[in-house]
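Please treat every number below as a calculation from the coordinates, not as lab data. All values reported here derive from a predicted model rather than from experimental measurement. Positions of Cβ are generated from backbone atoms using ideal geometry, with glycine treated the same way; all protein chains shown enter the neighbour counts.
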DNA sequence: ATGAAAGCGCTAACAG
DNA sequence: CTGTTAGCGCTTTCAT
């Protein structure tokens with residue numbers, strides 16, 4: 001029974017050094033794993049062993065804050081994911097998780113939190129921001145980029161000290177609409193309330209233009225809006241499909257909306273795609289994995305590509321800012337198989 | 001055009017001090033917001049203003065790592081959530097997000113990552129671990145508790161330097177089974193492969209015992225297993241319900257499984273609860289929010305209570321370790337309304 | 001009311 | 001091969 005006079009003060013590099021009978025420098029060399037590396041002194045395997053044993057015995061664990069302050073590297077990757085329950089966010093998280101295996105980087109998610117305030121408080125080697133299309137953010141981002149390596153997902157922003165990840169939709173949303181109008185005349189849209197502001201731009205705009213190209217009228221009863229979460233999308237879809245003369249195809253402005261629409265249809269005992277076809281936007285893993293799998297437009301190899309890019313930036317935060325583009329394509333799957341059936 | 005000779009070195013407390021013509025101590029007092037606080041010196045409002053303006057002009061932002069090393073507080077809360085897509089995890093995240101508003105704490109999620117290695121690298125004022133039932137973790141947790149404030153969710157572990165959050169299931173799972181067997185004779189279970197190991201323990205055990213109490217036979221065809229993710233659960237449910245003589249009630253060992261089961265039923269044009277009733281376990285927000293709402297057993301006020309507890313611990317990491325218990329109850333909702341219909 | 005100065009635990013020159 | 005030493009940016013006594 002050794003009396004715990006000192007209240008278990010956490011072991012530091014110095015404690016270890018004393019126990020091993022060496023200097024703190026030696027301990028540092030050994031424990032940060034660069035004994036024999038280029039440019040650094042080597043340590044004899046005997047002392048190395050002594051140091052390791054002392055560290056183990058004392059339960060030594062390096063103080064990350066101290067290491068960070070000294071090296072300027074935190075080995076942290078921050079992911080600001082605005083809507084965590086969105087399969088898009090989950091796909092990002094999953095891909096990143098796979099990409100950081102074996103690299104000494106810890107990914108941490110900032111969920112449903114305002115990055116604008118959070119980033120000021122917490123640094124990271126690289127921080128990914130999933131939503132910053134608004135004009136007002138451009139200045140703030142440029143400012144924050146001074147002290148953090150930022151990777152911003154945005155269709156409109158230009159790199160400015162920070163990287164911009166962009167998924168080049170091009171005309172693929174138009175393709176998706178044409179895909180639907182080729183076999184359907186009652187095509188509905190399921191759009192978030194916010195996306196309606198710009199009737200001819202963005203995802204909803206693709207719907208409007210698609211109808212025009214097909215010579216179909218834009219009808220109020222075929223445009224349903226929701227508030228942002230799954231339940232709201234689900235309810236909007238139920239409403240859309242319960243009316244007399246319901247649509248036979250739904251253009252959903254997001255994969256999670258498309259998924260909700262499929263669930264809603266099935267709830268109403270409608271078959272997908274026989275009674276109602278559904279396309280989503282985003283090409284998420286969850287859309288692909290569900291049954292029936294969701295036809296969607298979106299970037300190919302996006303999540304893995306993004307994850308790799310983030311890891312690269314974390315390892316070399318001083319690389320020049322660039323744009324990373326992922327061209328989109330139409331992924332025809334079960335929920336809207338096209339004209340074959 | 002001022003020539004950027006110095007490559008935009010980030011402003012420190014010293015830079016600010018020079019610009020304002022004061023000492024670093026004064027800057028520290030002002031900027032860490034305790035000019036007039038008890039025990040600390042006051043700063044005249046004039047100098048305070050000068051300091052603030054200098055800081056603003058220089059775009060000064062405090063270095064968290066330095067602050068952490070000095071104070072020992074990181075203002076960080078780490079949430080290790082093993083299966084992020086599980087509504088349980090999302091509920092935790094949401095509740096915590098709401099609880100930290102206005103408090104100076106940033107919650108960060110460690111998703112689908114092994115906390116065993118990650119915690120060694122990254123510290124936080126408090127870290128929540130959502131899965132640690134295995135015996136082997138007890139020692140490791142006790143060790144880690146030496147340098148991190150740990151809050152562990154576990155039904156079996158006892159506090160040992162770390163807090164244990166526990167939801168006292170008691171006999172509520174039995175109640176849930178009785179709820180089903182009161183009006184059904186074909187009651188199926190949807191359980192994860194791992195939970196089957198202990199046939200009479202845990203959630204699956206409640207199913208087995210429930211059948212016994214009702215005098216019903218345990219039949220293989222009414223026991224479906226899945227692998228851990230939604231898709232797998234969904235497919236298992238489809239299989240369960242597509243067979244000849246399908247069950248009329250499903251006991252799902254998790255809310256997300258119950259949700260998947262409802263989706264599967266609807267896919268098969270079965271009505272919930274008319275054709276098949278479903279109960280889940282966990283009482284998550286998502287189960288409550290879906291349509292039809294999911295009958296579930298689980299703790300009352302769990303997520304908000306947990307969030308509050310975590311915030312308390314973050315603010316006072318040296319509070320004595322304790323057990324936090326949330327007694328369960330049965331929440332009868334639309335997916336299994338009971339004998340009234 | 002303000003400043004000087006001592007570190008927190010660690011890394012990285014530089015000396016020996 | 002190993003030790004000495006000077007800080008990283010910040011907080012916090014203790015003087016003034």
Computed over chain B: longest principal axis from alpha-carbon atoms vs helix B:255-267 long axis, angle to nearest 10 degrees, is 50 degrees
With Cα coordinates, the longest principal axis of chain B makes an angle with the long axis of helix B:302-315, in degrees rounded to 10, of 20 degrees
Relative intensity, log₁₀ I(q)/I(0), of the stretch A:172-298 from a Debye sum that treats every alpha carbon as a point, q = 0.11, 0.12, 0.14 Å⁻¹:
-0.30, -0.36, -0.49
Take peptide B:104-116, look around each residue's Cβ out to 10 angstrom, count Cβ atoms belonging to other protein chains, and average those counts.
6
I need the inter-copy label distances for residue B:308: point set 7 Å along Cα to C-beta, values in nm with one decimal, smallest first.
4.9
When chain A is treated as a Gaussian network with springs between alpha carbons less than 10 Å apart, the largest mean-square fluctuation among A:67, A:308, A:116 is found at A:67
At 7 Å out from Cα toward Cβ: residue A:325 inter-copy label distances (nm, ascending)
6.2
Restricting the calculation to Cα positions, tell me the Rg (one decimal) and the Dmax (whole number) of the stretch B:107-234 in Å.
18.3, 53
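Suppose we take every Cα in chain B and form the convex hull; what volume per residue is that in Å³? Numbers along the way, then the final one.
Numbers: hull volume 63.0 nm³, N = 341.
Residue-normalised Cα hull volume stands at 185 Å³.
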Amide N proximity, the stretch A:201-234 versus residue A:156 label position 7 Å along Cα-to-Cβ, cut-off under 16 Å:
A:201-206
For the pair residue A:101 and residue B:121, the simple spin-label estimate (label points 7 Å beyond Cα toward Cβ) gives in nm 1.4 nm
Kirkwood hydrodynamic radius of the stretch A:98-178 from all distinct Cα pairs, in Å?
14.3 Å
Put in order of increasing Cβ neighbours within 10 Å, starting from the fewest, A:126, B:43 give B:43, A:126
Placing a label point 7 Å from Cα toward Cβ, how far apart in nm is residue B:235 from its equivalents in the other copies, listed shortest first to one decimal?
3.4
Per-residue Cβ neighbour rank within 10 angstrom, fewest leading, A:81, A:310
A:81, A:310
Please state, to two decimals, what the Cα-based radius of gyration of the stretch B:13-62 comes to when divided by 2.2 N^0.38 Å (N = residues).
1.01
What order do you get for A:274, B:230 when you list them from fewest to most C-beta neighbours inside 10 Å?
A:274, B:230
Listed residues A:56, A:218, A:157, most fluctuating in chain A (Gaussian network, C-alpha, under 10 Å)
A:56
Please report the orientation-averaged projected area of the stretch B:254-341, defined via the convex hull of its C-alpha atoms, in nm².
6.5 nm²
How many nm is it between the label spots at residue A:275 and residue A:178, if each spot is 7 Å from the Cα in line with the beta carbon?
3.1 nm
Kirkwood Rh in Å, taken over all unlike Cα pairs in the protein assembly as shown
27.9 Å
Sum of -39500 (n - 2.57) over DSSP H runs of 4+, divided by residues of the protein assembly as shown (222 nm, nearest 500):
-11500 deg cm²/dmol
Evaluate E = 1/(1 + (r/R0)^6) for residue A:212 and residue A:239, where r is the Cβ-Cβ distance and R0 equals 25 Å; express this FRET efficiency to the nearest 0.05.
0.50
Highest GNM mean-square fluctuation, chain B, Cα pairs closer than 10 Å: which of B:13, B:119, B:250?
B:13
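Give, to the nearest whole percent, the P(r) tail of the stretch A:150-219 beyond 21 angstrom, counting all Cα pairs. Intermediate values should be presented prior to the final figure.
Working: 878 of 2415 pairs.
Tail of P(r) above 21 Å: 36 percent of Cα pairs.
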Measuring from the longest principal axis of the C-alpha atoms of chain A, the long axis of helix A:87-99 (C-alpha) lies at a number of degrees, nearest 10, equal to 30 degrees
P(r) of the stretch A:64-128 in 5 Å steps, Cα pairs, percent per bin?
4, 17, 26, 22, 18, 9, 3, 1
